[in-house]
1. Cβ neighbours within 10 Å, averaged per peptide: list 123-129, 59-65 in order, most packed at the top.
2. Hey, what did the chain get for relative contact order, percent, Cα under 8 Å, at least 6 apart?
3. Please work out which option in [x] 177; [y] 131; [z] 105 gives volume of the Cα convex hull per residue in Å³ calculated from these coordinates, and answer with its label.
4. Report, in degrees rounded to the nearest 10, the 0 to 90 angle that the Cα long axis of helix 92-108 makes with the longest principal axis of the chain.
5. Rounding to the nearest 10 and keeping the result within 0 to 90°, find how far the Cα-based axis of helix 188-218 lies from the longest principal axis of the chain.
6. Residue by residue through the stretch 109-115, which ³J(HN,Hα) values in whole Hz follow from phi under the Karplus form 6.51 cos²θ - 1.76 cosθ + 1.60 (θ = phi - 60°), with glycine and proline marked x?
7. Normalise the Cα radius of gyration of the stretch 68-174 by 2.2 N^0.38 Å (N = residues in it) and let me know the number.
Amino acid sequence: MSGGERPRASGKAGRISAARIAKQAKWLLITAMAVPAAIAYFQYCHGIPYCENDIEALTLDTGQWGVRMLMLSLMITPLRDLTGWNWLITYRRPLGLASFYYLAAHFAVFLYLDFALDLEFILVELTTSLYVVVGFVAFLLLVPLAVTSTNGWIRALGKKWRILHTLVYGAVFLGVLHYLLQIKEISFWLYLYIILGSVLLAYRIVKPVWRALSERART
């Protein structure tokens, strides 16, 4: 073996090792993502709210963590592109699904704890409260993304899978708007969601344009 081949083999082994470690660490991430839910449930059961009531606290917790994890899942691709750390992709699906589960819990709290599954009151809210309508549409956009997140669906849809999953940016926009419409005062988290969401959307738009210009420059 020549001296020039060794670094390539070493680099490949390093990438395989990093991917293996990332795969093993995925279970630590899944455990960590469940911690906020456990804390929120404990606070609700023991009456330890930080809002005016425990239901409001639980609603806010599940919604906020849903948005945060959705943002984190969208950060994976830009971070991988900028750093070359391909192993980061291991965490994108768990973060995206965790976001969906938190937002499903957020919706369940609204239906069951807020309105006790009273269909009449729920329909009134869905037709008269703008923030509820916006939040509901954002959640609906995430449903097909969660359903088609499996390897089987990715293979079945092919290129259409990527097109379908661009709906996540609409869900992010509507999720932040939903939060904005219901809060009583501007918070640090709102600024962070707006800035981070804008940067991620801009990256999604600029990336294919930059790639096309680079390819044209090479030809």
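None of the figures in this text is laboratory data; all of them are computed from the coordinates on show. Values in this document were obtained by computation on a predicted structure and should not be read as measured data. Cβ coordinates were reconstructed from backbone atoms using ideal geometry, including for glycine residues, and neighbour counts include every protein chain displayed.
1. 59-65, 123-129
2. So the answer I get is 17 percent.
3. The listed entry that was calculated here is [x].
4. Between the helix axis and the principal axis of the chain, the angle is about 10 degrees.
5. 30 degrees
6. 4, 4, 6, 8, 7, 6, 10
7. Its radius of gyration relative to the 2.2 N^0.38 Å reference: 1.24.
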